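Have a look at the structure that comes next, please.
Quick note: the coordinates plus some simple rules give every number you see, no bench work behind them. These numbers come from a predicted model, not from an experiment. Because the Cβ atoms are built from the backbone with ideal geometry, glycine has one as well, and the counts that use them run over all protein chains shown.
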Amino acid sequence: MIRALALLLVLTVFAISMPLPLGALWLGVPIAVVLALLVSWRWGPWGVAVPVALMATGMLAVDPLAPWMWWVPVAALSGSWMGLKEEGGGPPAGRRAWMLLPLLLLAAGLGWTVSYPDLVSRVEGQMRSGDEQLLRLSREAGYQGDRLQWLEHRVSDSAALRQRALPNLLPSLLFVWMAMLVIVGRALSARVAHVLRWPELSRARLVGWRLPDAAIWLLIAGLALVLAGFPGWEPTGWTLLVVPGLGYCVQGIAVVESVLLSRGLSSSIIALTMFFVFLMAAPVFLVATVSVGLSDVWLDIRRLETVQDGESP
């Protein structure tokens with residue numbers, strides 16, 4: 001319970017530091033996941049009433065067209081899905097990630113909402129304010145001449161790149177944020193279940209991460225929308241491309257970890273090696289792991305049997 005309270009305290013600090021209404025999601029999403037997961041785990045399909053009730057309450061209490069309002073009930077829907085599949089040892093890691101599909105679909109449709117341009121403008125304004133604060137602090141720290149001009153040039157270039165990319169990548173960033181909050185909600189659910197003396201929630205190892213085959217169609221759909229270049233479809237296309245791509249990146253890491261573990265390496269050595277490679281060559285690391293993860297869709301590398309040929313495997 002001490003760890004659970006500490007986690008809630010950290011979420012409260014983040015909620016206070018971010019302006020409303022987005023700041024409320026730091027607490028609203030994990031709490032909704034806890035309620036939905038535990039109720040679904042205990043009472044089965046009746047737990048779906050939790051996201052339905054949250055949706056109805058949100059539509060009556062606030063503007064139903066506000067996109068931030070939808071994140072809480074949709075996250076609760078993912079929590080109900082997890083609770084319904086908790087019996088029998090629970091799902092493996094990849095299947096559990098697939099239960100975030102409602103959040104992914106919401107993120108993919110975010111660009112079609114009426115208030116999405118205003119959301120992009122507010123986020124861009126916050127980032128622009130951060131750039132101005134960085135330059136001001138640099139001047140106060142003694143940056144002058146060529147050093148100050150170089151910093152201003154870098155900030156200006158990054159701001160121009162961000163302005164072009166933000167409308168397409170903001171839904172993916174919001175999905176990653178909501179996915180992290182769902183994970184926090186699941187962790188809090190495990191603490192509450194322990195206090196209630198319920199069975200422990202299942203745990204899934206990274207080495208068993210494998211997305212369902214249907215995830216590849218989301219990736220293909222996103223790639224098709226990005227290449228087609230239909231007006232207005234760019235945020236949807238990039239979301240369906242980036243988020244499953246990150247999932248296959250994790251799957252590639254799981255495949256590499258499985259292969260290295262079978263060769264006798266320890267988990268700590270594998271983690272340090274991958275972290276070092278990521279720091280030294282992040283783009284190459286991402287492309288390589290996504291490629292390995294996609295190849296695992298057809299090859300199922302971790303299930304390949306070792307055939308002895310004389311003395312050599």
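So how strong a dipole does the chain carry about its Cα centre when Lys and Arg Cβ are +1 and Asp and Glu Cβ are -1, to the nearest 20 debye?
The calculated dipole for the chain is roughly 720 debye.
Could you please report the charge total around Trp98, scoring K, R as +1 and D, E as -1 over all other residues with beta-carbon less than 11 angstrom from its beta-carbon?
+3
Report relative contact order for region 207-302 in percent, whole number only (criteria: Cα-Cα under 8 Å, sequence separation at least 6).
32
Once R0 is set to 45 Å, what does the formula 1/(1 + (r/R0)^6) return for the Cβ-Cβ distance between Val114 and Leu304, expressed as a FRET efficiency to the nearest 0.05?
Efficiency for this residue pair is about 0.35.
Still on this structure: Run through region 181-266 and list the trypsin sites (Lys or Arg not before Pro) located in a DSSP loop whose Cβ has at most 12 other Cβ atoms within 10 Å.
Listed in order of number, the matching sites are Arg197, Arg203, Arg205, Arg263.
Continuing with the same structure: Which longest uninterrupted range of the chain lacks any GluC sites (Glu not before Pro) assigned by DSSP to a loop state (not H, G, I, E or B) and surrounded by at most 10 other Cβ atoms within 10 Å?
Formally, the longest exposed-site-free interval is 1-199.
Along each of the three principal axes of the Cα atoms of the chain, give the extent in whole Å, ordering the values from largest to smallest.
That gives 69, 55, 46 Å along the principal axes, largest extent first.
Provide the gained length on full extension for the span Phe230 to Leu166, in nm with one decimal, where the gain is 0.36 nm per separating residue minus the Cα-Cα distance.
Length difference between fully extended and current span is 21.3 nm.
Pick from Leu135, Leu103, Leu174 the residue whose mean-square fluctuation is largest in a GNM of the chain, springs joining Cα atoms under 10 Å.
With Cα springs under 10 Å in the chain, the top fluctuation among Leu135, Leu103, Leu174 is at Leu135.
Place a label point 7 angstrom from the Cα of Thr57 along the Cα-to-Cβ direction, then list the residues of region 175-205 whose backbone nitrogen is under 18 Å away.
The answer is 182, 185-186, 189.
Do you know the relative contact order of region 1-204, to the nearest whole percent, from alpha carbon pairs under 8 angstrom that are 6+ apart?
Averaging sequence separation for qualifying contacts and normalising by length gives 27 percent for region 1-204.
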